[in-house]
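Worksheet: one structure, shown below.
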């Protein structure tokens, strides 16, 4: 298999510096984009969108902690053991995170957002505007444990 090198396009600036699993909507974060990676007009038109998807790297996950099989989500044995690809956990093989968050303000290469579940200094790999045409098509279903896990997350 081939491997790829990805350069961060920016970094998260947040008051939260630990990966606490809940209450992320209370956090306002700033994404500072790298002027060496992007031109100043790279965010032009982004403020017209209410939400963006932020792709980032869980850079502080220890490689030894990466799960390549199955486990109980959050270590909770009341929930079924499911494969890492059936979870959104941070200790996944490529440690890539994806979050849809609300755009508060765009100022050049600085994007203020709420509801970004990434901590201070997290490398940002990409940003995409949320467009209804790219949202899930048809009914979305999930197991009961997933709804329980997310009850206090935002």
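Each reported figure results from applying straightforward, stated rules to the coordinates on display, with no laboratory input. Not measured: the values here are computed from a predicted model. Every residue, glycine among them, receives a Cβ derived from its backbone with ideal geometry; neighbour counts consider all protein chains shown.
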* Using alpha-carbon positions, what is the distance between the centroids of region 54-88 and region 12-47, in Å? -> 23
* Using all Cα-Cα distances in region 46-131, what percent lands in each 10 angstrom bin from 0 up to the longest? -> 16, 40, 27, 14, 2
* **Label point distance in nm, residue 114-residue 74, each placed 7 Å from Cα along Cα→Cβ** => 2.2
* Which whole-number percent gives the relative contact order of region 21-112, counting Cα pairs below 8 Å spaced six or more residues apart? -> 42
* To do: Rounded to the nearest 0.05, what FRET efficiency do residue 104 and residue 151 give with R0 = 35 Å and r taken as the Cβ-Cβ distance? Could you check?
  => 0.90
* **Cβ-derived FRET efficiency at R0 22 Å, residue 82 paired with residue 141, nearest 0.05** => 0.90
* To do: With r as the distance between the Cβ atoms of residue 42 and residue 131 and R0 = 22 Å, compute the FRET efficiency 1/(1 + (r/R0)^6) and round to 0.05.
  => 0.80
